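The block underneath contains the structure these notes are about, expressed in structure tokens.
The values are calculated or read from the model by the stated rules, or taken from the named source; none is laboratory data. Here the structure is a predicted model, which means the values were calculated and not measured. FYI the Cβ positions are ideal-geometry reconstructions off the backbone, even for glycines, and counts take in every protein chain you see. What goes into the accessible areas is simple: the full protein's heavy atoms, side chains included, and nothing from ligands, DNA or RNA. Shrake-Rupley method; radii C 1.70, N 1.55, O 1.52, S 1.80 Å.
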Amino acid sequence: QLCMLCSTSMLRVWLCFVLLCATLLGVVVCDNEATFFLPLLVNNPDPAFHTAYRVAVEDINNSSVILPDRILEIDLFYSLNPPVILERMLRHAEDGISLISGNEYSEFVISTGIIGSVYDIAQFSSMVISTAFSNKLNYPYVSRCTAPVDKEMKGLIDSFKYFSSIRGSGWNDVSIIAEGGEYGVVQATSFIDESQGEFDVLAYQIFIEDQESYEVELREIKNSGARVIMAFVFFYNWPSIIVQADSFGLIGENYVWVASDDLYGYEFGDDTVSRLSGGLLAPSQYIPDTPEYAVFNERWMALDPQAYPGAGKPVQGSFPLLGYDALFMSALAIDQMDRKGFLDSGERISAEMWTSTLRNLTHNGVTGFIELLPNGDRIADVSINYYNAHTKLWESAFKWTEAEGLEETGEVVWFSNSADIPDLDIREPFHYWSCDDKKRKYDETGKAVSLDTPNGSDVDDIDEDYHCDHFIDCTNLSDESIDCSQNYVALFISVGIISSLLILLCLLLVLFVFIFGFVLWYQRLRAASPIFLIIILVSMIVGYVSVFAWFGKPHPVACAFQPWLLGLSSISMISALCAKTFRIWRIFRSDSLKKQKVTDLEMLALWLVCMIPVVLILIIWTSISTPTASMKEISGEEHYVCTTGGVTGEPGGYVFFGILVAYGALILSVGAFLSIATRKVPSLFNESKLLAISIYNLAFLSVVIIPTFLVLQQFNPFSAWIVR
């Protein structure tokens, strides 16, 4: 048509020819517009994730700012098989490729990152989270659009602390079930490392890939007693795990499940899985509400889901958004290389140049402001999200930042379909004994009552096993007197009355000796040495008083007085008898009629000599093996009893008790000799029978009663008390 408009003149023919050539030349130039091929290795099977890549390419190629003179064409290769991805990576290396994008999972980048460092290939991943890639020495050319997983774990830990501060204990005991690959193990390890011992991991179970039954792992978690269960698994593992967990009774209002970021945004198509997942917590990268996000979301909602799978509805999760931004960041790096002329130079661009360019870029993306650290990690905040089973949507609960910590963005709707934080401090109900109320009670919550250890005077609620166990644990003796076959109160009253009467009798005898021995000077009492009779009676009074040191619940002061009261009184009585008899022996040992005089003062000196070793033994005993009261295991149970403290502890008390008994036996031996030596003296002065009876009683005590008491004390203190 152009030629027909031209005249027959040569000028017009020439002009027609020039115009025609220019038009044809313009068509050729447009058809040969430069194209940049970017390999995209994809491991995430989510259709929405693939669609996000496609939308990113369309937006990049429609932009007049990014790569205005070039077309970005992606070579998308999808596989869930690491060896296949590695083979593809090596093929790209053979083709001279120096920049790839994608590889979302740590299991793949662990290997491709090493290949990249060997074959000089830079990688930019959208969502890989392993902390291993923060090491520039091992992975110099790996950069990512996400922060490493330790940030997510810090956010989770702070959220647990928040819940615990409101609801109480139970949030610090956790169990972990993780897939055995890099993805699951690195999250579990990161949580344990970041918790710094503030959380007790009661069970840590790892399962292998493609495992279908989780019975063994879930049984261990059930037996652990933990009510916070962390599942570091992929989204395709979740339905089987949560359904099987329900059969073990691990789902309910008093359990909290925490999933990995792979589940955030996952749509639970099955109603049962959706219901069981109510209140499920999952961390993710925080996505701020920015104009860029609003524009993207509007476009995403307008897309036809038939042509763009996963689109046409609100974006669930952060992965599609991260994929979109990761491809944009790669395009921005390519654009910078193009503007610097490196793409037209024909020379291969090194991985170091790609990496340096990527890490120096900043961009306002749909996931917020993007800035990378020198090691390739993104600077980003964390979101703690929950799954609302009622709306079947994921919603935000907290925002976490390194600088400001936890910020609440919404109330969690838990499995109970309420915002009430679950009570995870679930305990077995139990019976207990109330000392103050003097009766057996029941705590149905298992935590309303705090049981006291019966190791002091201010004791009220104690374990029911302490009731009627023959050991006194309540100050008012109610645990061993009410509804018990053996009643300490009745025993103490009976023995107390008898001991008091005997003390009263001894006091009357003291008065009797004083009147008839010192005032009226009765010959019989004068011959029996009134002063020593009083010493014997006072020793008996102290001995009977010592009984009261064993009354009631053990007390450190009472336990310390027991060896003093009983030891001094018994040895004093024996020594006084021996001193009296020694004087008779000295007077009547010779057949001569020479007068012998032994004064009371001399006998008192002898009595004191006999008492000095006892006092020394008791002083040393009290100093280094102090008798006290404390908790002690007897027959497999802890009881509050008199025991040995001080420097030596057990068995220091038994050693000193043995020394005291041995010294008493020595005095008894002397008494036995004197009893035999004075058996023929006149009856007015003969006390050999009395001394012999005393020796017999004390010997019987040492040989029979003391061993019997020590044996009974271990399993029946009530009977042992009577024997003592």
For this session: With a point put 7 Å past each Cα toward its Cβ, work out how far residue 670 is from residue 438 in nm, to one decimal.
Result: 5.1
For this session: Give the peptides 449-458, 371-380, 475-484 in descending order of average Cβ contacts within 10 Å, highest first.
Result: 475-484, 371-380, 449-458
Exercise. Separation of segment 271-311 and segment 616-671 by C-alpha centroid, Å?
Worked result: 76
Exercise. What pairs in 136/340; 313/399; 441/553; 438/632; 136/161 have C-alpha atoms more than 29 Å from each other?
Worked result: 136/161
Exercise. Based on the Cβ-Cβ distance from residue 514 to residue 457, what FRET efficiency comes out when R0 is 56 Å, to the nearest 0.05?
Worked result: 0.90
For this session: Before rounding to the nearest 500, sum -39500 (n - 2.57) across all DSSP H runs of length at least 4 in the chain and divide by the residue total; then give [θ] at 222 nm in deg cm²/dmol.
Result: -15000 deg cm²/dmol
Exercise. If we sort 421-428, 58-65 on the protection proxy, mean other Cβ atoms within 10 Å, highest first, what's the order?
Worked result: 421-428, 58-65
Exercise. To the nearest 0.05, how large is the calculated FRET efficiency for residue 635 and residue 63 if R₀ is 60 Å and r is the Cβ-Cβ distance?
Worked result: 0.10
Exercise. Expressed as an acute angle from 0 to 90° and rounded to the nearest 10, what is the orientation of the C-alpha long axis of helix 215-224 relative to the principal long axis of the chain?
Worked result: 40
Problem set entry | Highest average packing first - 344-351, 603-610, Cβ atoms within 10 Å | 603-610, 344-351
Seminar exercise, completed: For residue 76, the residues 5 or more places away or on another chain with a placed amide H closer than 5 Å to its own amide H are 40
Exercise. Once amide H atoms are placed 1.01 Å from N in the peptide plane, what residues at a sequence separation of 5 or more from residue 285, or on another chain, have their amide H within under 5 Å of its amide H?
Worked result: 383
Problem set entry | the chain, accessible area per residue, ligands and nucleic acids excluded (1.4 Å, Å²) | 48
For this session: Taking 7 Å along the Cα-to-C-beta vector as the label spot, tell me the residue 599-residue 75 distance in nanometres, rounded to one decimal.
Result: 12.6
For this session: Report the accessible area of residue 468, computed with a 1.4 Å probe over the heavy atoms of all protein chains in place, in Å² rounded to the nearest 10.
Result: 40
Exercise. What FRET efficiency would be calculated for the residue pair residue 362, residue 222, taking the C-beta separation as r and a Förster radius of 60 Å, to the nearest 0.05?
Worked result: 0.75
Exercise. Spin-label point model (7 Å from Cα, Cβ direction): what's the residue 715 to residue 395 distance in nm?
Worked result: 6.4
Exercise. Taking 0.36 nm per residue of separation and subtracting the Cα-Cα distance, what length does fully extending residue 723 through residue 419 add?
Worked result: 103.1 nm
For this session: Just subtract the alpha-carbon distance of residue 371 and residue 91 from 0.36 nm times their residue separation and send over the number in nm, one decimal.
Result: 97.7 nm
Problem set entry | For a label point 7 Å along the Cα-to-beta-carbon line of residue 447, residues of segment 227-264 with backbone N under 16 Å | 227-229, 252-257
For this session: Any chance you could check the Cα centroid distance between segment 474-535 and segment 62-115 for me, in angstrom?
Result: 101
For this session: Mind checking the full-extension length gain between residue 301 and residue 213? Use 0.36 nm per residue of separation minus the Cα-Cα distance, one decimal, nm.
Result: 27.8 nm
